[in-house]
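Nothing in this text is a laboratory measurement; each read-out follows from the coordinates by a stated rule. None of the values given here were measured: they were computed from a predicted structure. Methodologically, a virtual Cβ is constructed for each residue, glycine included, from the backbone with ideal geometry; neighbour enumeration extends over all protein chains shown.
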Amino acid sequence: MSIFRRGRIYWFHFYFNGEHVQESTKQGNPRVARQVEAAHRTALAKGLAGIRERKPVPTVRQFIEIDFMPWVTATFREKRNTFVWYRGGTRRLIEFDAVASSRLDQITGETVAAYVAHRQKAGLNTTAINRELQILRRILHVAVEWGRTEKSIKIKMLPGEPRRERVLAAEEAMRYLSASTEPLASVATVLIDSGLRPEECFRLRWEYVNLINGRYGTLLVPNGKTPSARRVVPMTPRGEVNSRGPLDSEREA
């Protein structure tokens with residue numbers, strides 16, 4: 001008898017006709033769990049319960065064209081850039097036959113390495129290749145979630161990806177602002193002092209500004225790149241003065 005414990009529940013596993021059978025007994029008593037395993041073995045042997053017939057696992061190309069891309073189209077209808085990113089990445093994956101023609105459960109580390117070598121030969125840098133590997137990883141995760149395959153490998157990103165961590169010095173910011181014309185100067189001031197993303201700044205409305213005693217107060221960011229982007233940002237004296245530029249121009253319009 002082969003039983004093992006997960007938490008408080010016992011599971012059994014054994015091989016029948018070359019197939020691995022593993023299920024939960026839903027029992028916390030080891031003696032009862034062994035009885036459940038024995039009953040299942042007997043049922044299999046008598047043909048009363050066969051090993052569940054597995055659905056054919058689609059190839060990567062089939063899953064992308066039939067399932068994944070229609071889901072991307074429906075999910076990211078309002079996010080054009082995300083849709084274009086997925087569309088471009090899936091096209092590159094389909095172009096490489098070793099990936100496209102493999103079943104979802106046949107993708108191995110060797111397959112991924114071959115794809116990486118293929119893209120490196122085409123002249124892509126580490127950052128671009130990692131973005132495509134992210135799409136492949138997402139495809140495999142979704143396939144498991146939807147029951148198209150029972151397993152997927154863990155895809156690791158390539159090391160050595162360059163990162164941009166340069167911080168703008170105060171002196172550089174002053175030089176930039178002094179050389180800027182309106183409305184760029186006002187927009188840049190708000191971005192520098194508040195840390196807003198450009199699209200968040202462009203969507204500002206006067207009702208999002210909360211002035212305290214007629215002076216600088218807070219800015220409300222109602223939405224952004226993610227749901228957690230909604231936040232209240234404190235304004236600086238310089239930001240309060242310069243925020244009147246983009247906001248006033250919209251109000252006058």
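Figures for the structure shown
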{"quantity": "Percent RCO, i.e. relative contact order, over segment 3-46, from Cα pairs under 8 Å lying at least 6 residues apart", "calculated": "32"}
{"quantity": "Cα pair distances of segment 3-46 binned at 10 Å [whole percent]", "calculated": "31, 53, 16, 0"}
{"quantity": "Candidates 18, 89, 224, ranked by Gaussian network fluctuation over the chain, Cα under 10 Å, top entry", "calculated": "18"}
{"quantity": "Note, ³J(HN,Hα) from phi for segment 15-22, Karplus 6.51, -1.76, 1.60, rounded to Hz, x at Gly and Pro", "calculated": "10, 10, 6, x, 9, 7, 10, 9"}
{"quantity": "Using a Förster distance of 35 Å, the FRET efficiency for residue 230-residue 157 (Cβ separation, nearest 0.05)", "calculated": "0.75"}
{"quantity": "Descending semi-axes in Å of segment 183-238, equivalent ellipsoid built from Cα gyration tensor", "calculated": "17, 14, 9"}
{"quantity": "Largest-first principal axis extents of the Cα set of the chain (Å)", "calculated": "84, 49, 34"}
{"quantity": "For segment 60-145: rounded, prolate or oblate by the Cα gyration tensor [a/c cutoff 1.5]", "calculated": "oblate"}
{"quantity": "Distance between modelled label sites at residue 74 and residue 207, nm, 7 Å Cα→Cβ extension", "calculated": "3.3"}
{"quantity": "Normalised contact order of the chain, rounded percent, pairs of Cα under 8 Å and 6 or more residues apart", "calculated": "10"}
{"quantity": "For segment 85-229, size of Cβ-based charge dipole, Lys and Arg +1, Asp and Glu -1, in debye", "calculated": "360"}
{"quantity": "For segment 60-145, size of Cβ-based charge dipole, Lys and Arg +1, Asp and Glu -1, in debye", "calculated": "380"}
{"quantity": "Mean residue ellipticity (222 nm) of the chain, computed from DSSP H runs ≥ 4 via -39,500 (n - 2.57), nearest 500", "calculated": "-15000 deg cm²/dmol"}
